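**Student:** Below is one structure. I have some questions about it.
The values are calculated or read from the model by the stated rules, or taken from the named source; none is laboratory data. Note that this is a predicted model, so its numbers are computed, not measured. All Cβ positions, glycine included, derive from the backbone under ideal geometry; neighbour counts span all protein chains shown. Ligands, DNA and RNA are stripped out before the accessible areas are found, and what is left, the full protein with its side chains, is counted by its heavy atoms. Shrake-Rupley method; radii C 1.70, N 1.55, O 1.52, S 1.80 Å.
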Amino acid sequence: MKSMLLLLVVFFLGITISAAQYFVDPENGSDQNVGTIKSPFRTLEKARNVIQAINVNMKQDIIVYLRKGNHPITSTFTLDEKDQGHHGFKVIYKAYDSETVILEAGQKVSGWQQIEVGLWKASGIKIADFRQLYVNGRRANRARSTVKYSGVAWPRPYTSFISVGDTAQYYPDGIKISNKAIKPTWGNPQDIELVWIGEESRCTWRSHRLLVNALVNDGTDSTIIKLDNYGYVMTGSTTSRPMPENPFYIENALELLDQPGEWYFDKSSRNLFYMPREGEDMKTAEVYIPGDVQTIISIKGSSLDNKAGNIQFEGLTFRHTTWLRPNSTRWGACSNQADKYVNGFRQRGVAINAIDWFKPYFDPKIDWELDANGEPEGFKPNACVELDAAEDIVILNCRFEHLGAVGIDLSQGCNKVEIIGNVFRDLSGTAIIVGRWDQDYIAHGEEVCKHVAIRNNLIQKIGQEYYNSPAITAFHTEAMHIAHNEISDVPYSGISSGWGSWGGRTSWTNSNRLNIIEYNLIKNIGQKCSDGGGIYTIGIGKASTDPDSIRSKIRFNYIVQTGLSYGALYPDEGSCYYDFVGNVLEDVENSERGKWLHLQSSRTHHIKIDGNYSNSAKFLNKGVNCLITDHTEYNGHNRPHGALGIIGQAGLTEGYK
């Protein structure tokens, strides 16, 4: 009898132990198995569904071990409050024993045939549309003109009527351009994009991608490029718009395929064309395109009162997501700033950027956030991992590579999220976005992101397609900690923090407050777009008008090689109640406007600028109550001892290098 009881105890202990861990193997698993290491599941979905039946009574962490290999992702892996950890324990999805685990959203392309010298073709592509191609782990380039072109607005006089407030205005329907740039006989004109890139296109901090609607012969030596709703796009901010006179590239036409490393996909015939780079053998090359998945993982609670939480991802590689909104919307991808893209006209005839200026004069939560069709007045790109109404989430030691848009996006109501020790490399957009731009006035049922930690991440070569992308964008956040990250090779700002105080508009309802940005190494930024900074801020840095309340702090960062940026430190207009302390700022005069500090507006006020170091004497300070104290200037790299100490501590800490 005693032996029987002992066997029963062991049996039940075995169930308890095995129930705390499951295994997923994409090659040797089956969803008919029980999920052990010897009998693994095949898919994440099966493991998730099994966990839903046991997680309410958790007494330890539940770990889902992913075995090595490519785990094909054909739809978004969704998690909500039914999938979370309970009683202080986590549900953890992690690589087993440091194996290489790839969540693969892409599709391999094979069957390449040479059709002429230097040009290869793959036929029968199953994916209907995509924007990226990767050859042997290297991003290829969509076929693009080698030079930029300018045109004139068409027609003259303008015929598109747009009502802006009570004022009638007329705008162009397209651009007239020389046949040397583009010809009306080019094939698939609706696949072609016009691309304005930052400073080189006189768009400063913005980049734009507009879709061609048609090519029309005007009977002379010119072509009319008709652009769907071009007039609406032109009603945006008075600066940095995609003007016909501003030089732009022409992209994504077979007729432009003339350089090694370029490709073109003919959607009508499903033929993919590529010109190999030197050393690439298309008979053996590993070629990937994105599949149909824009988001690999979504963690979203059903409401702010029912958040998804206590979930962790560890040691995984995410690859080859897509983002097709620029292909499918009449607006293309026209940036407002950082990761906000415009969505055309708003209700009541207010133009694209006008609401940012007019909002103080109206009731804060009327219909300004929607356009005439009830759509949001702006949008963010999709992300590989998206969180919304989520808390106690950890993303640890993962790799985000070759993505079609953003790495991680935290929308609203994300609390106590840790993004630690990850690598972000070769992304079309931003590495990490936190928050939303429309939360400067908080209404019922809304909540900003709070207590987000972004630490010890390596971020390289982001914004490879959307050049207005900072490495990290934080809109309205509270108690955020960005520390010990290494950021390099960025087209725009290194870290962009805050939103919405242009024209001096401030709201104590919410702000980008109580945040700390410290010990980051930020280098080689501002490669494409100007009017940015190593660390760029806008908005209020503390919680209330109480003079003793805690201010946001930007301290002990090492910022070097700032490219086209206006300032290594850039508190833009409306920035207030920040402390910029103990930062080291080097090689900031790469451009004519480069400075160690760019404080260009009297609407910026109550900024503490103390104890910083720079090897440049250039700065601008037009702020109010913005005193510069104890600043140390030095020549070249003859750094003072204090600067050396800060440089030595900035960037990744031991164990993450």
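**Student:** Would you point out the residue of region 576-587, among those that are at pLDDT 95 or above and open to solvent by 10 Å² or more (accessible area, probe 1.4 Å), that is nearest to Lys618 (Cα to Cα)?
**Tutor:** Within region 576-587, the match that is nearest to Lys618 (Cα to Cα) is Asp587.
**Student:** Quick check on my filter: what residues within region 90-107 are in contact (Cβ under 8 Å) with a residue 40 or more places away in the chain and farther than 21 Å from Phe77 by Cα? Explain how you work it out, then say what you get.
**Tutor:** The first filter runs over region 90-107 and keeps only residues in contact (Cβ under 8 Å) with a residue 40 or more places away in the chain, leaving 90-96, 98, 100-107.
The answer is Ser98, and nothing else.
**Student:** Which condition number does Val423 fail, the rest of (1) buried (at least 20 other Cβ atoms within 10 Å of the Cβ); (2) of a type in the set (Val, Ile, Thr); (3) farther than 18 Å from Gly85 by Cα being met?
**Tutor:** For Val423, the exception is condition (1).
**Student:** Further, regarding this structure: With the requirement that a residue be part of a strand (DSSP E or B), open to solvent by 30 Å² or more (accessible area, probe 1.4 Å) and modelled with pLDDT of 95 or more, what does region 539-571 give you?
**Tutor:** Residues of region 539-571 part of a strand (DSSP E or B): 540, 542, 551-555, 558-560, 567-571.
Still in the running and open to solvent by 30 Å² or more (accessible area, probe 1.4 Å): 551, 553, 555.
Answer for region 539-571, where residues must be part of a strand (DSSP E or B), open to solvent by 30 Å² or more (accessible area, probe 1.4 Å) and modelled with pLDDT of 95 or more: Lys553, Arg555.
**Student:** Consider Glu633 carefully, then state whether it is acidic (Asp, Glu) and over 19 Å from Glu518 (Cβ atoms).
**Tutor:** Details: acidic (Asp, Glu): yes; over 19 Å from Glu518 (Cβ atoms): yes.
Yes, satisfied.
**Student:** Take the residues of region 211-225 that are part of a strand (DSSP E or B) and open to solvent by 40 Å² or more (accessible area, probe 1.4 Å): which is farthest from Ile182 (Cα to Cα)?
**Tutor:** If we filter region 211-225 for residues that are part of a strand (DSSP E or B), which is where we start, we get 211-217, 222-225.
Among the residues that remain, those that are also open to solvent by 40 Å² or more (accessible area, probe 1.4 Å) are: 213, 216-217.
On the way: Asn213: 14, Val216: 10, Asn217: 10 Å.
Result: Asn213.
**Student:** While we're looking at this one, here's another question. Residues of region 395-434 being closer than 25 Å to Asp129 by Cβ and polar (S, T, N, Q), which ones?
**Tutor:** Ser428, Thr430
**Student:** Pick out the one residue from Asn621, Asn590 that is open to solvent by 10 Å² or more (accessible area, probe 1.4 Å), over 21 Å from Gly541 (Cα atoms) and of a type outside the set (Phe, Trp, Tyr).
**Tutor:** Values: Asn621 fails: over 21 Å from Gly541 (Cα atoms).
Exactly one residue qualifies, and that residue is Asn590.
**Student:** For region 68-83, which positions are among the basic types (Lys, Arg) and either assigned to a helix (DSSP H, G or I) or modelled with pLDDT under 95 (or both)? Please lay out each step first, then the result.
**Tutor:** First pass over region 68-83, keeping only residues among the basic types (Lys, Arg): 68, 82.
Scanning region 68-83 gives a single hit, Lys82.
**Student:** Checking the conditions here, which among Ile175, Ile192 is at pLDDT 95 or above, under 30 Å from Asp339 (Cβ atoms) and not acidic (Asp, Glu)? Show your work before the answer.
**Tutor:** Values: Ile175 fails: at pLDDT 95 or above.
After ruling out the rest, the residue left standing is Ile192.
**Student:** Give me the pairs: first residue in region 635-657 and within 30 Å of Ile420 (Cα to Cα), second residue open to solvent by 100 Å² or more (accessible area, probe 1.4 Å), beta-carbon distance under 9 Å, and six or more apart or on different chains, which are they?
**Tutor:** These pairs meet every condition: Gly651/Lys657.
**Student:** Between residues in region 115-143 that are on the phi > 0 side of the Ramachandran plot and residues that are in a loop (DSSP other than H, G, I, E, B), which pairs lie under 7 Å by C-beta distance while being six or more apart or on different chains?
**Tutor:** Taking only residues 6 or more apart or on different chains, the pairs are Gly118/Met275; Gly124/Arg270; Asn136/Glu280; Asn136/Ala285; Asn136/Glu286.
**Student:** So if I check each of Ile609, Ile646, which one is assigned to a strand (DSSP E or B), at pLDDT 95 or above and open to solvent by less than 40 Å² (accessible area, probe 1.4 Å)?
**Tutor:** On the way: Ile646 fails: assigned to a strand (DSSP E or B).
Of Ile609, Ile646, the one residue that is assigned to a strand (DSSP E or B), at pLDDT 95 or above and open to solvent by less than 40 Å² (accessible area, probe 1.4 Å) is Ile609.
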